[in-house]
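Q: Here it is, the structure, as structure tokens.
The values are calculated or read from the model by the stated rules, or taken from the named source; none is laboratory data. The structure presented is a predicted model; accordingly, all values stated were derived computationally and were not measured. Neighbour counts are summed over all protein chains in view; Cβ atoms, including those assigned to glycine, are modelled from backbone coordinates with ideal geometry.
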Amino acid sequence: MGRMVDHLVPGVTTLTPHARYYALHGLIAAQADAEDLTVPAAQTLLRRAEVALAAVSLAHHPQALEWLPRAHGVDALARRLHSGTVTMSEAEVPGKDGYVGNSWGFWTPYAGSEVALGILGAGPMPVPGPRLETAALRAGLGGLLELAAEDTLNVDDLAPFGDRLCVCVGGEHPDGAWLANLMCEPGAPAEAGSRSATRRQTIQLLARVVATHPVRYFTRDIGHVLAFGDFLTSDPVTSGIDTAGAWRGVVLRNYSVGAWRRLWSWLVEQVEGLVPIEEVADRFAAELPDMTVDAFLSSLPATQSTTGAPLPAEHDLRWVGDPLPLAELRVLATNARRVDELTGRVRDAFLGQRGVELGPEWVQRRLDEARPMKLRDVARRLTYDLVARSQRIALAKARRRADAPTRRRHIVVTDPAAPTGRAAVPDKPGGARRRRATAGPARDRPGHLRRTALPRPTLVGDQ
Ligand SMILES: [Zn+2]
């Protein structure tokens, strides 16, 4: 999904819900530039500011907000925050005892977006970019630098700062106005297909949905409107927004991604110690009704209204109360039916990268070919498919890590297609994967699964 989001809202990251950190990192860049800070000094300033922001945010609302996750680092700082005092020189140190592991604090997931938006320039440290407006940032967040310079923060004293500096109030302050302007670029030429036009369309789309629907949980409620019904095509505003179709496709596809994740988590939960794959496959099968795939497909709910609008079939299936493996298999099969129903941009976005395993087209083909078979046998086969994919991911990760010094990893790698059950054990940093038959009951055994050795089999292009 990450790639598609980058296409639809360039400069917006899916890795974090916090807009105020864009301003925070911009402020650090401005300050580091003004004071000609070295890299280590800029790192320290950034981390101290993040600690201050976390402390102020906790003081502002000790209970987590329903609509916004806590500020970065609050969990790691919890003990200090609840003691009432944060000693800055201890809390900001990156590592096991500090609030963060990385010497750049929580900057990394934002950096790409901040450069894309022109907040920062490219480089190994935050430097001011062409769209940085220091005055707006100082007006919005300036007090944070003073807090960051304190030796200790008393949580009780921080409450008055909450209305100005908390992660939840950015929208009401000059830095929020600056960021909104930056994202939407109301003065920019509305060239179709430009980054700012695409981003503006998405924000307009989301704003329109919020203005016309009751929204309690943003992601859930907005996603429902984007995916289903005829609002996107019938509403006078959204029907004119080009990117709306792509959003519909992305959100519909996400049901499939979510179904694979839940199914995989369930399969992994079945693994205690060393378990033969057949046993996991059998447990999956046992959760399913004794019927053919053909009958199973016929039992699925309608996915389209008489006027061709997508019906919320996947959403409703999760509320029926079926056991998880059955519910998610039905979501997958129902979702795959849309391959033949969607058209144009919606379909393009829904299909995503073509020809990949586990994608909607793959599911559709798999089930269609298996119509005469028993559903339970297909579930067993799917288990092997998922395990095989998980193992390929484990190997690819091990190879990617091969350059870096890594701890020795025991990964059970079995090849369900190989008659002798051979295993590949990636265990040599810097060395190529070695294929060999494993022996001995003390070691991981071919044809068996161990929970720690099971990376999630993601779809290509989805995170
Ligand atoms: Zn707050």
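Q: Do any residues in segment 159-178 that are within 10 Å of residue 140 (Cβ to Cβ) have Cβ atoms under 8 Å from those of residues that are among the charged types (D, E, K, R) and more than 12 Å from the ligand (Cβ to nearest atom), where the two are at least six apart or on different chains, and which pairs are they?
A: 178/133
Q: Applying the selection to segment 99-123, what residues are under 25 Å from the mean Cα position of the chain (by Cα) and part of a loop (DSSP other than H, G, I, E, B)?
A: The answer is 99, 100, 101, 102, 103, 104, 105, 106, 107, 118, 119, 122.
Q: Then there is this: Just one of 58, 53 is at pLDDT below 95 and within 16 Å of the ligand (Cβ to nearest atom); which is it? Don't jump to the end; show me each part of the working.
A: Numbers: 53 fails: at pLDDT below 95.
The unique qualifying residue is 58.
Q: If you check residue 184 against the conditions, is it surrounded by 19 or more Cβ atoms within 10 Å (Cβ to Cβ) and either assigned by TED's automatic domain parsing to the domain that holds residue 29 or under 30 Å from residue 248 (Cβ atoms) (or both)?
A: no
Q: Also, quick follow-up: What are the residues in segment 131-183 that are within 16 Å of the ligand (Cβ to nearest atom), in a loop (DSSP other than H, G, I, E, B) and more than 13 Å from residue 21 (Cα to Cα), if any?
A: 173
Q: Given the criteria over 30 Å from residue 194 (Cβ atoms), more than 22 Å from the chain's Cα centre (by Cα) and without any contact (Cβ under 8 Å) to a residue 24 or more places away in the chain, does residue 36 qualify?
A: It is true that residue 36 is over 30 Å from residue 194 (Cβ atoms), more than 22 Å from the chain's Cα centre (by Cα) and without any contact (Cβ under 8 Å) to a residue 24 or more places away in the chain.
Q: Now for a different question. Among the residues of segment 269-309, count how many are of a type outside the set (A, V, I, L, M, F, W, C), assigned to a loop (DSSP other than H, G, I, E, B) and at negative phi.
A: Residues flagged as of a type outside the set (A, V, I, L, M, F, W, C), assigned to a loop (DSSP other than H, G, I, E, B) and at negative phi within segment 269-309 amount to 11.
Q: Continuing with this model, one more query. For residue 275, all conditions in the list (1) closer than 11 Å to residue 451 by Cα; (2) crowded, with 21+ Cβ neighbours inside 10 Å hold save one; what is the number of the exception?
A: Checking residue 275 against (1) closer than 11 Å to residue 451 by Cα; (2) crowded, with 21+ Cβ neighbours inside 10 Å, the one that fails is (2).
Q: Now for a different question. Check whether at least one residue in segment 65-81 is among the aromatic types (Phe, Trp, Tyr) and either within 17 Å of residue 23 (Cα to Cα) or modelled with pLDDT of 90 or more (or both), and report yes or no.
A: no
Q: Criterion first (closer than 30 Å to residue 277 by Cβ and of a type in the set (S, T, N, Q)) does residue 234 satisfy it?
A: Details: closer than 30 Å to residue 277 by Cβ: no; of a type in the set (S, T, N, Q): yes.
Here the answer is no, as residue 234 does not meet what is asked.
Q: Quick check on residue 84: is it in the same structural domain as residue 156 (by TED's automatic domain parsing), within 28 Å of the chain's Cα centre (by Cα) and surrounded by fewer than 24 Cβ atoms within 10 Å (Cβ to Cβ)?
A: Against the criterion (in the same structural domain as residue 156 (by TED's automatic domain parsing), within 28 Å of the chain's Cα centre (by Cα) and surrounded by fewer than 24 Cβ atoms within 10 Å (Cβ to Cβ)), residue 84 does not qualify.
Q: Also, I was wondering about something else. Applying the selection to segment 297-337, what residues are aliphatic (A, V, I, L, M), within 17 Å of residue 227 (Cα to Cα), without any contact (Cβ under 8 Å) to a residue 60 or more places away in the chain and surrounded by fewer than 19 Cβ atoms within 10 Å (Cβ to Cβ)?
A: Passing the criteria: only 302.
Q: While we're here: Is it the case that some residue within segment 327-336 is touching a Phe, Trp or Tyr at 6+ places or on another chain (Cβ under 8 Å) and in a loop (DSSP other than H, G, I, E, B)?
A: no
Q: Checking residue 243 against (1) under 22 Å from residue 324 (Cα atoms); (2) not assigned by TED's automatic domain parsing to the domain that holds residue 383: exactly one of these is not met. Which one?
A: Of everything listed in (1) under 22 Å from residue 324 (Cα atoms); (2) not assigned by TED's automatic domain parsing to the domain that holds residue 383, residue 243 misses just condition (1).
Q: Within segment 61-83, take every residue that is part of a loop (DSSP other than H, G, I, E, B) and of a type outside the set (A, V, I, L, M, F, W, C) and give me the one that is nearest to the ligand (Cβ to nearest atom).
A: Taking segment 61-83 and keeping what is part of a loop (DSSP other than H, G, I, E, B), we get 61-73.
Keeping just the survivors that are of a type outside the set (A, V, I, L, M, F, W, C) gives 61-63, 66, 69-70, 72-73.
Details: 61: 5, 62: 10, 63: 11, 66: 12, 69: 12, 70: 10, 72: 14, 73: 15 Å.
Ranking the qualifying residues of segment 61-83, first place goes to 61.
Q: Could you identify the single residue in 282, 294, 322 that is among the charged types (D, E, K, R) and farther than 29 Å from residue 451 by Cβ?
A: Going through 282, 294, 322 in turn, just one is among the charged types (D, E, K, R) and farther than 29 Å from residue 451 by Cβ: 294.
Q: Pull up segment 253-270, narrow it to residues that are of a type in the set (Lys, Arg) and more than 9 Å from residue 328 (Cα to Cα), then point me to the one that is modelled with the lowest pLDDT.
A: Per the stated criteria, the residue is 261.
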